[in-house]
1. Does GLY333 satisfy being within 16 Å of the ligand (Cβ to nearest atom), open to solvent by less than 20 Å² (accessible area, probe 1.4 Å) and on the phi > 0 side of the Ramachandran plot?
2. I'm trying to understand the selection: among the residues of segment 215-256, which are polar (S, T, N, Q), outside any helix (DSSP H, G or I) and more than 16 Å from the ligand (Cβ to nearest atom)?
3. Given the conditions (1) out of contact with any strand residue (DSSP E or B) (no Cβ under 6 Å at 6 or more places or on another chain); (2) in a loop (DSSP other than H, G, I, E, B), report the number of the one that ARG275 does not fulfil.
4. Is it true that some residue in segment 225-235 is crowded, with 20+ Cβ neighbours inside 10 Å and farther than 29 Å from GLN403 by Cα?
5. Among the numbered criteria (1) open to solvent by 20 Å² or more (accessible area, probe 1.4 Å); (2) part of a loop (DSSP other than H, G, I, E, B); (3) under 28 Å from THR24 (Cα atoms), which single criterion is violated by ASP259?
6. Say we look at segment 117-159 and pick out the residues that are open to solvent by 10 Å² or more (accessible area, probe 1.4 Å) and hydrophobic (A, V, I, L, M, F, W, C); which of these is farthest from the ligand (Cβ to nearest atom)?
7. State all residues of segment 164-197 that are under 21 Å from ASP136 (Cα atoms), of a type outside the set (Val, Ile, Thr) and in contact with a Gly (Cβ under 7 Å, 6 or more places away or on another chain); if no residue qualifies, say none.
8. Would you say PHE300 is open to solvent by 10 Å² or more (accessible area, probe 1.4 Å) and among the hydrophobic types (A, V, I, L, M, F, W, C)?
Amino acid sequence: MKKYALQIVLLLSFYSSFSQQIITRDPEIAALVSQVSRDSLQAYVNKLVSFGTRHTMSVTNDKKKGIGASRQWVLSKFQQFASQSEGRITAMIDTWTLKADGKRVDKDQEIGNVMATLKGTDPSDNRIFIVSGHIDSRVTDVMNRTADAPGANDDGSGTAAVIELARILAKSKFSATIIFVAVSGEEQGLLGAEHLAEKAVTEKWNIEAVLNNDIMGSNNSNETNIIDNTRLRVFSEGLPAFEIDKKAANIRQYGLENDGKARQLARYVKEVGERYVENLEVVMVYRNDRFLRGGDHTPFVTKGFAAVRFSEMNENFLHQHQDLRTEKGVEYGDFSKFMDFEYLRKNTCINLANLANLAKSPGMPREVLIEVSGLSNSTTLTWQAPEAGKPKGYYVLMRETYQPFWQKKFFTTELKLALPYSKDNYFFAVQAVSESGNESLPVIPLPKR
Ligand SMILES: [Zn+2]
């Protein structure tokens, strides 16, 4: 029992979170979060709308209209921020040719993801964090490439967030790399995200998290008059799509059906996001996406990366994928006048707090193990230091098996911790923590054999 050189820094009880939660903010991140501007976001959305349509199959050679002009504009913003980044940001459009597929691509078409890469400052840190929105838009007929498709909320909101994040973070120095990307081809079948995820696999990118933002700037439901700008949904898969056949036995044996990579990331973004953003609750939804619907995080999820989707609490289907028209006094169409830019600001802040915290954190601890050599009502965890960064110490997280969120957090500077709680009754995980309190994603222990 020698090492109670630990301190309970946070006791997050599900039932009494307000009375017991100690919030410690990294002042650098708090200052960055305060720079997210409602006006900037609104200006970006309005500019995106001004291109008429951003349909993936629309014109690429017009200077003012269509997908080509819109992605050139996003590139110009990224280049502007790059010029303020002391060389840390490189901006590009990753273009390729889509081959007609007889489905939602009916002719060969040039397509492009607009990317800004904020290079990490530590050459030994190869971790990558990705934040995405999709630039393309659509109306009722998914093949209609000429009608105005403002796509203010779907997904001008996510694209504007990505631009605003690049603007603010351009001047920051982080250990790890952040990629800001406006992907294309979402409405034609997640084509841009698929391309990027394939590239990441081929080039062996060390992606630790993908935050996908899609439809997150409107506060109301069309059916029920609900107005809610205080909750943001984060979707995360439960059982992993990637190699479930290989993982199923361990998941079953250790009871980890609620502790996959994406679910861990969702828990993390909730805790870190709510630490920095007032009057916003991140609501974890225990499924990969909305019922039978998809998004750009999915190609990453199916390739084994931790990826989640942010979306507003209530969608308004009068303003999504609609031809612009008025019927019986009801206006249809995805216009920015239907959005809530204060809500979009808060949702952008959630992304910023998480990206900055992740990119400042040490890498995840390695070889996190739980001792199982003898039967015991206590729990001993061991681990190794991460490859990247110099941790100040480690948090051991703990929760009851039926609880959605981590409930206790123990700090130690050692590579081992014994706790008087039974591994039969609790889940545990370990995070590395930087000097300024930025924690890595948690790692679930495996049995020490
Ligand atoms: Zn969308």
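The values are calculated or read from the model by the stated rules, or taken from the named source; none is laboratory data. This one's a predicted model, so the numbers in the text were calculated from it and none came from an experiment. Here Cβ is always computed from backbone atoms with ideal geometry, including for glycine, and neighbour counts include all displayed protein chains. The protein model used for the area step is the full one, side chains on, heavy atoms only, and it has no ligands, DNA or RNA in it. Shrake-Rupley method; radii C 1.70, N 1.55, O 1.52, S 1.80 Å.
1. Working: within 16 Å of the ligand (Cβ to nearest atom): yes; open to solvent by less than 20 Å² (accessible area, probe 1.4 Å): yes; on the phi > 0 side of the Ramachandran plot: yes.
Considered against the rule, which asks whether it is within 16 Å of the ligand (Cβ to nearest atom), open to solvent by less than 20 Å² (accessible area, probe 1.4 Å) and on the phi > 0 side of the Ramachandran plot, GLY333 comes out as yes.
2. Step one: of segment 215-256, the residues polar (S, T, N, Q) are 218-222, 224-225, 229-230, 236, 250, 253.
Narrowing the set further to residues that are outside any helix (DSSP H, G or I) leaves 218-222, 224-225, 229-230, 236.
Answer for segment 215-256, where residues must be polar (S, T, N, Q), outside any helix (DSSP H, G or I) and more than 16 Å from the ligand (Cβ to nearest atom): ASN219, ASN220, SER221, ASN222, THR224, ASN225, ASN229, THR230, SER236.
3. Of the numbered conditions (1) out of contact with any strand residue (DSSP E or B) (no Cβ under 6 Å at 6 or more places or on another chain); (2) in a loop (DSSP other than H, G, I, E, B), the odd one out for ARG275 is (2).
4. No: zero hits.
5. (1)
6. Filtering first and then ranking leaves ILE128.
7. Hits for segment 164-197 are ALA182, SER184, GLY185, GLU186, LEU190, LEU191, GLY192.
8. Details: open to solvent by 10 Å² or more (accessible area, probe 1.4 Å): no; among the hydrophobic types (A, V, I, L, M, F, W, C): yes.
Answer is no for this residue.
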